[in-house]
Amino acid sequence: MKYTVQQIADALDAEFQGDASLVVHAAAEPSDATATDLAMAMSPKYAEDLGSGSAQVAILWEGADWQALGLKAAIFVRRPRMAMAGITSMLDKGQGFGSGVHPSAVIDPTADVANGVSIGPLAVIGARARVGRGANIGPHCVIGMDAVLGEDAVLREMVSIGARVQIGDRFIAQPGARIGSDGFSFVTPEVSGVENARKTLGDAGDASAQSWLRIHSLGSVEIGDDVEIGANCTIDNGTIRNTRIGNGTKLDNQVHIGHNTRVGNDCLLCGQSGISGSVELGNNVVLGGQSGVSDNIFVGDRVIVGGGTKILSNVPAGRVLMGYPAVKMETFTDVYKAQRRLPRMLRDVEALKKAVSKQPPSD
Amino acid sequence: MKYTVQQIADALDAEFQGDASLVVHAAAEPSDATATDLAMAMSPKYAEDLGSGSAQVAILWEGADWQALGLKAAIFVRRPRMAMAGITSMLDKGQGFGSGVHPSAVIDPTADVANGVSIGPLAVIGARARVGRGANIGPHCVIGMDAVLGEDAVLREMVSIGARVQIGDRFIAQPGARIGSDGFSFVTPEVSGVENARKTLGDAGDASAQSWLRIHSLGSVEIGDDVEIGANCTIDNGTIRNTRIGNGTKLDNQVHIGHNTRVGNDCLLCGQSGISGSVELGNNVVLGGQSGVSDNIFVGDRVIVGGGTKILSNVPAGRVLMGYPAVKMETFTDVYKAQRRLPRMLRDVEALKKAVSKQPPSD
Amino acid sequence: MKYTVQQIADALDAEFQGDASLVVHAAAEPSDATATDLAMAMSPKYAEDLGSGSAQVAILWEGADWQALGLKAAIFVRRPRMAMAGITSMLDKGQGFGSGVHPSAVIDPTADVANGVSIGPLAVIGARARVGRGANIGPHCVIGMDAVLGEDAVLREMVSIGARVQIGDRFIAQPGARIGSDGFSFVTPEVSGVENARKTLGDAGDASAQSWLRIHSLGSVEIGDDVEIGANCTIDNGTIRNTRIGNGTKLDNQVHIGHNTRVGNDCLLCGQSGISGSVELGNNVVLGGQSGVSDNIFVGDRVIVGGGTKILSNVPAGRVLMGYPAVKMETFTDVYKAQRRLPRMLRDVEALKKAVSKQPPSD
């Protein structure tokens, strides 16, 4: 993997100055950079460290004095993280899972695998499953019966895709992602304590102890194009209809999506967040790490939710929320500040009560 | 998979009207239903959509006017979710893992696998492990040395069961479930900051920095009958005794059970909930999503806990709890409402203090 | 596995009395102990149960009257959990993964596997990966291209280690641990609602809906010596530099570590805790279960954090924290107590306002 300064600048559609023919093999932080690394010094703070490394070329902010930094060439970027997307995509060495179908893979004769698909050691492809052109399936993946995987998929090792799951193009799944586990849906023969407690908001009533009967998942999971699913995520099958993830949505590691839930397009669900069953999540929603959404809830478009937030009721579009239960971010901040003054306020109120009670009542 | 209206009504022990011989192949939501689907229209709200689909037969609520809905037959149910359990069980197409032992499975010659057990591609069965009649073991499962798996188990792909784990009959495990990981138990040679902080509720003292020594797990995991474990769950081995899960208990995805913990019968542990080590959980306990139980805690029978709740101390039987730390649901609601008025109350108290201080003190 | 009382006492560097030649095969709780078990009765409370078991030898506290307890021998320990570390290490029967390289393992011819390493069925070792002396690699593990695994590693089943990951000596990984998944890092072409909301603490602004571009992970993961990673944990690759876990650090099950994050030495991260990207965690930090650390945060040495705590800002060394957002443990306790009195205080303040308003204003 080798690129000239010219090639990188062209790919990023960025200006450069200095030696266009300088070659880089990899990216590095300024202080770690060797002479063949492209140093990532997108702000003056990072550029300070260029001196302790050996970079000859760096990514810099617009207007930076590259010569003063001792470089032979520099590429100038306006929005550093956008440049990161371009550069890291070019320089990604990947997992090296190889090409072709490994002889140890177990592929059902009725599976429809496009020509040129790469399938790693010990992967299993089920009956009538379809795998689109350009897919790269890691070792130990399992693709279930009648599942459909679009073009140019990248599955890291040990991804499992259940029967009948349908996935669009350019899908990425990190190790251990589980798509199409059965939904968590049980019922008791008679009304249960949980049903009572939900109805009364707190009273379990006198429901007797009962065992749980299983509601099977007849639905599956439908995933759009350009979706990424993180390591050890779990996405449950729907009960009757399919659980759905919209185009362009990205899930971080250990995210959980319950049965029947529909996640919109271009959402970002951060690490360990969880969505219960039968939730509607709009488009461009961002859920912070370890946040949660209660079942049967509606969350509107462009809602943004801070880390640890638990959404227990419907949220209109465009809200920014935080807390348990979720409230508007500014309410959360106000309440939080007030809370810390609470112990003192308690003492104040006690003092006030004493002071006032010593004055003659006016009625 | 085909059933007549008569067969489904019989299986559900339900009344029906109309053409008893109509055949359905699958279940569908009313608006998606084709002529061979059984439409799920258990309430008037859902029945409205029958017109936009092509269903000829539907599940309806008792007393519904099926003919006015344009159907040729209808099955009437009293408790819709109970009917769902029956119908989805009949119509579940499963994962199609096939029958018999796949030639790529690696089965120790000393393993005791009942006749007719189905074992998927690349599964591994360890030395002296016992697998009961009727088990259906998915691809890539690993069953450890001396483990015991009861009759009629269904293991989805990539389930791992550690050495010496004992599991009852009719066990279901979703993809990536881990049973019998080692407990998380470490000790420092001298008293540690954590021990100090727990004793003093907040003061880590002057304990010096130390490394951790591992306490191995000599115990294993014991699981009753009719238990289901969700995708990517983790259940740790006990230290000396076994960790235990009672009969009929169901775990959703990504649930964690610590070492030595005993979970009672017929509990429901929702997604991403976690129980620390050495906890006693009673029977018929329901833990909401992302809830947690601190270590060495006792939680009584029939306790119900809302999503996100963190239980930090013992809970008597029958309580309904919510919050962090967990309090009674009604306390949680009261405190929550009061909190939102907190910033204003702060201002009120300040104003009161001013007002009162301007009056001559009476003592 | 058989040891005499003498051998165990010697290994623990502990005093014993009675028959030095008595042989034990396993450890047990006092009430479950058979005649060949070593009963764990480290405190008078546990010793009470010796009578209901058949133990002939027990671990007791210093000064215990072993003869009155009906034993033939006793070993006396000062710090019971330290003794547990020693005893459980001696008596651990392990997973029995066998020795040598299983013929079904798929090992790249360019991999460098030390002599005598044990590799389980269906494990995959990638190109140029190096596995040190004494490693015990479980069934279904995947070790990526160019990864390095130090000496004496123990990998349970289904562990995955990505390309270029570097791990020190005496590494332990529980089932389903994922090391080297790609970081969760995305960017929109123009400023996004999240960026606005973070800057303004709550206002998403009028950013238009956009799709996410992927920032690839060029870095990998670097893990020190004596590290243990729990079942179904996920550790992400760094973007440019490596994500790092220091020597002696232990992760419980389902812990998540984001990209670029550096965890210090001898930390203890309890079940389902999560650390976002680009966090610096000091040495000897303890994170309670289900706690979380926001991205780009600094957490000092010896910080201890209770279960469920969410750290949203930098924490100086030595602090003991709890809550969401995290505050000092004693503040948490004070606020919690005050909160429960909040509904009543609201009523008090209303009453005060009425009482005071009926008095003539003094200004």
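What follows draws every value from the coordinates through simple rules; no lab data is involved. Keep in mind that this is a model prediction, so the values were computed, not measured. Cβ coordinates were reconstructed from backbone atoms using ideal geometry, including for glycine residues, and neighbour counts include every protein chain displayed.
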Note to self, chain C gives a 222 nm [θ] from helices alone (DSSP H runs n ≥ 4, -39500 (n - 2.57) apiece, / all residues, nearest 500) of -5000 deg cm²/dmol
Cα shape, the stretch B:273-363, gyration tensor, a/c 1.5 rule: prolate
List the distances, in nm to one decimal, from the label point of B:Asp206 to the label points of the same position in every other copy, shortest first, placing each label point 7 Å from Cα along the Cα-to-Cβ direction. 6.1, 6.2
Place the label 7 angstrom along Cα→C-beta at B:Trp61 and in each other copy, then list the distances from the first to the rest in nm, shortest first. 6.3, 6.3
What's the local net charge at C:Gly292, with K and R +1, D and E -1, over the other residues with C-beta under 13 Å away? +1
Would you grab the residues whose amide H sits under 5 Å from the one on C:Gly292? Only those 5+ places off in sequence or on another chain, please, with H modelled 1.01 Å from N. C:Gly274, C:Thr309, C:Lys310, C:Ile311
In chain B, which whole DSSP H runs stretch at least 15 Å along their own axis (Cα) and average -1.0 or higher on the Kyte-Doolittle scale? B:80-91, B:329-340, B:342-357
Using θ = phi - 60° and Karplus 6.51 cos²θ - 1.76 cosθ + 1.60, couplings along the stretch C:137-149 (whole Hz; Gly, Pro as x): 9, x, x, 6, 7, 10, 10, x, 3, 6, 6, 10, 10
Pairs of lysines 8 or more apart, or on different chains, with alpha carbons under 20 Å: count those in chain B, would you? 8
Quick one: Cα centre-to-centre distance for the stretch B:46-103 and the stretch A:307-343, in angstrom? 41 Å
All-pairs alpha carbon distance profile, the protein assembly as shown, 10 Å steps from 0, percent: 2, 10, 18, 23, 21, 14, 8, 3, 1, 0
Relative contact order, percent, the stretch C:255-343 [alpha-carbon distance under 8 Å, six or more residues apart]: 19 percent
Given a Förster distance of 56 Å, the FRET efficiency implied by the Cβ-Cβ spacing of B:Arg344 and B:Glu48, rounded to the nearest 0.05, works out to 0.80
Calculated FRET value between C:Lys2 and C:Arg78, using beta carbons and R₀ = 30 Å, to 0.05: 0.70
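What's the local net charge at C:Val124, with K and R +1, D and E -1, over the other residues with C-beta under 9 Å away? Spell out each step's value before the answer.
On the way: positive: none; negative: A:Glu157, C:Asp108.
Residues near C:Val124 contribute -2 overall.
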If I model a spin label as a point 7 Å beyond the Cα along the Cα-Cβ vector, how far apart are those points for C:Asp10 and A:Ser89 in nm? 6.6 nm
To the nearest 0.05, what FRET efficiency results for C:Ser99 and A:Lys358 with a Förster distance of 60 Å applied to their C-beta separation? 0.10
Dimensions of the stretch C:76-232 along principal axes (Cα, Å, largest first)? 65, 51, 21
Across the identical copies, how the A:Gln6 labels are spaced - nm, sorted shortest first, 7 Å along Cα→Cβ: 8.2, 8.3
Write down the percent of antiparallel bridges among all DSSP beta bridges whose residues are both part of the stretch A:181-289, to the nearest 5. 10 percent
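In whole Å, what three semi-axes, largest first, describe the equivalent ellipsoid of the stretch B:3-91 built from its Cα gyration tensor (square root of 5 times each eigenvalue)?
16, 14, 13
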Inter-label distance, nm, simple model (7 Å from Cα along the C-beta direction), C:Thr110/A:Ala351: 7.5 nm
Between B:Asp152 and B:Gln210, what length comes free when the chain is fully extended (0.36 nm per residue of separation minus the Cα-Cα distance, one decimal in nm)? 16.0 nm
Rounded to the nearest 20 debye, dipole of chain A from Cβ charges on Lys, Arg, Asp, Glu: 1180 debye
For the stretch B:3-91, what does the relative contact order come out to in percent, with C-alpha contacts under 8 Å and a separation of six or more? 28 percent
Classified through the alpha carbon gyration tensor (a ≥ b ≥ c as square roots of its eigenvalues; rounded if a/c is under 1.5, else prolate when a/b is larger than b/c, else oblate), the stretch C:102-170 comes out rounded
Relative contact order (percent, whole number), chain A, Cα cutoff 8 Å, 6+ residue spacing: 6 percent
Taking K and R as +1 and D and E as -1, what net charge do the other residues with C-beta under 15 Å from the C-beta of C:Val5 add up to? -3
Cα gyration tensor shape for chain B, rounded if a/c is under 1.5, else prolate or oblate: oblate
